[in-house]
Amino acid sequence: MTEDAAVLGAGVPDAPAGGWRTATVSGVRRPIQRSVQLRLDVHDRIDHLPGQHYVVRLTAEDGYTAQRSYSVASAPGDPLVELFVERLDDGEVSTHLADVVEPGDELEVRGPIGGWFVWDGTAPALLVAGGAGVVPFVSMLRHARAIGRDDLLRIAVSARTMAQLPYAEELVAAGALVVLTREQYGIRPAGRLRAEELLPLWEEGQTAYVCGSAAFAEAATQLLVASGRPAASIRVERFGPSGGPA
Ligand SMILES: Cc1cc2nc3c(=O)[nH]c(=O)nc-3n(C[C@H](O)[C@H](O)[C@H](O)COP(=O)(O)OP(=O)(O)OC[C@H]3O[C@@H](n4cnc5c(N)ncnc54)[C@H](O)[C@@H]3O)c2cc1C
């Protein structure tokens, strides 16, 4: 192994190569309402970087296909790939994954994908998520813990209520700033994320990662820019075409 290859993600440019793989569903959990956590055994899997995603493709009996992207929640060292899918009532793919998929089923997946919205575990990062946008950050957090570098991460997460925040226990244990828009949390009254709440999370040399619905990503990015964060230090992942700020 070359010195470069020993660095996590040294193979990233090659990672998306390769076509569709078969993933066997090893575990299905519903830790919070209206969502599903899938643990997948991906055959011939390429290690992912925290922040990357897979594409899941469903094929109907008549040959019709639908495919969607899902971020990886597991750390690279986890032998299984964990996805967390928020169920949208009128969603084509998320309803199937949430309602139909069972342990032992096989899914077609492609990945890992993404070379920009990734964290390799070496630099300080501010992670700002709304709703299911926490998923790639859970991978980053788990990786940080695995390599003993959780000191590099500052996390702010937003959801409507605590019960709707994915991975709430893990994020709270990591010291995340929790913003609830529909209920009080501790002494914090219900309300959207404010710029002054992000200020104490800033650190020299940090890259900011923002993830969530298009509306959340836009609002959070504006907060960061308005409070003096250089646009070049902000990386954004948008999960869908619509959806209000969490
Ligand atoms: C890089 C990337 C990573 C992603 N990671 C995750 C993840 O980890 N977990 C996860 O749950 N989703 C994730 N998504 C979103 C996911 O790809 C799908 O868009 C989502 O599951 C909806 O698909 P669907 O087929 O159920 O809904 P569709 O049938 O595509 O859409 C149904 C309706 O919901 C609207 N809609 C679509 N997506 C969203 C959304 N995200 N929020 C609000 N409204 C929406 C559509 O406009 C439409 O009205 C990710 C998206 C990207 C681009």
Kirkwood hydrodynamic radius over Cα pairs of the chain, then Stokes diffusion coefficient at 4 °C and 1.567 mPa s, in µm²/s: 70
The range 94-176 shape via C-alpha gyration tensor axes, a/c threshold 1.5: oblate
Among Pro76, Trp20, Gly104 - extreme Cα towards positive end, dipole of the range 20-113, charges at beta-carbon: Pro76
Unit charges at the beta carbon, dipole of the chain: most positive-side option, Ala60, Pro31, Ala232: Ala232
Size-normalised alpha-carbon gyration radius of the range 144-246, reference 2.2 N^0.38 Å: 1.06
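Any idea what the relative contact order of the chain is, in percent, if you count C-alpha pairs under 8 Å spaced at least 6 apart? Working shown, then result.
Numbers: 516 pairs, mean separation 43.9, N = 246.
Reported relative contact order: 18 percent.
Suppose every K and R has +1 on its Cβ and every D and E has -1 on its Cβ; what is the size of the dipole of the range 20-113 about the Cα centre, in Debye to the nearest 20? Write down the numbers at each step before the final one.
Details: 10 positive and 16 negative charges, 66 e Å.
Using Cβ point charges on Lys, Arg, Asp and Glu, the range 20-113 gives about 320 debye.
Would you calculate a helix-derived [θ] at 222 nm for the chain, using -39,500 (n - 2.57) for each DSSP H run of n ≥ 4 and dividing by the full residue count, to the nearest 500? Don't skip to the end; give the middle numbers.
Working: 5 runs with 42 residues, N = 246.
My calculation for the chain gives -4500 deg cm²/dmol from helical runs alone.
Taking chymotrypsin sites (Phe, Trp or Tyr not before Pro) that fall in a DSSP loop and have at most 11 other Cβ atoms within 10 Å as cut points, what is the longest piece of the chain between them? All intermediate terms of the calculation are to be shown ahead of the outcome.
Working: sites that count: Tyr64, Trp116.
The segment 117-246 is the longest one with no such site.
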About the Cα centre, charge dipole magnitude for the range 77-233 (Lys/Arg +1, Asp/Glu -1 at Cβ), debye: 740
Cα-only Debye scattering, the range 20-113: base-10 log of I(q)/I(0) at q = 0.19, 0.24 Å⁻¹: -0.85, -1.38
5 angstrom amide H check on Val236, placed H, neighbours 5+ away: Val210
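If you take the square roots of the eigenvalues of the alpha-carbon gyration tensor of the range 161-200 and sort them as a ≥ b ≥ c, do you get rounded (a/c under 1.5), prolate (a/b over b/c) or oblate? Walk me through the numbers before you get to the answer.
Working: a/c = 2.00, a/b = 1.18, b/c = 1.69.
It is oblate, given that a/c is not under 1.5 and a/b is not larger than b/c.
Readers should treat all values here as calculations from the given coordinates under stated rules, not as data from a laboratory. The model shown is predicted, which means the values in this text are computed figures rather than measured ones. Backbone-built Cβ (ideal geometry, glycine too); neighbour counts: all protein chains shown.
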